[in-house]
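The structure appears below as C-alpha cells.
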Amino acid sequence: MAINIGPVEIKDPVILAPMSGVTDMPFRRLVKRFGAGLVV
C-alpha cells in the first residue's frame, strides 16, 4: 500500500509527523531505519 501526495509516492505508509522539541535527529534516523516512509 502506498500513499500519494501529489506526484510523490511514499511506498511505506508510516509517517513520523513534525514534533519540534520532542524528537531529535538520532530518533528520526532510528525511526527511518526501522521503516518509516517519511520522516519530518
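The values are calculated or read from the model by the stated rules, or taken from the named source; none is laboratory data. Values in this document were obtained by computation on a predicted structure and should not be read as measured data. With ideal geometry, Cβ positions are generated from the backbone for all residues, glycine too; neighbour counts draw on all protein chains shown.
If you go through segment 28-35 one residue at a time, do you hit one that is out of contact with any strand residue (DSSP E or B) (no Cβ under 9 Å at 6 or more places or on another chain) and surrounded by 11 or more Cβ atoms within 10 Å (Cβ to Cβ)?
For segment 28-35, residues out of contact with any strand residue (DSSP E or B) (no Cβ under 9 Å at 6 or more places or on another chain) and surrounded by 11 or more Cβ atoms within 10 Å (Cβ to Cβ): present.
Counting only residues that are assigned to a loop (DSSP other than H, G, I, E, B) and at pLDDT 90 or above, which one in segment 24-40 is farthest from the chain's Cα centre (by Cα)?
Asp24
Provide a single number: the residues in segment 18-27 that are of a type in the set (S, T, N, Q) and surrounded by 10 or more Cβ atoms within 10 Å (Cβ to Cβ).
Summing the residues that are of a type in the set (S, T, N, Q) and surrounded by 10 or more Cβ atoms within 10 Å (Cβ to Cβ) in segment 18-27 gives 1.
Counting just the residues of segment 1-17 that are surrounded by 10 or more Cβ atoms within 10 Å (Cβ to Cβ) and outside any strand (DSSP E or B), which one comes out modelled with the lowest pLDDT?
The selected residue is Pro13.
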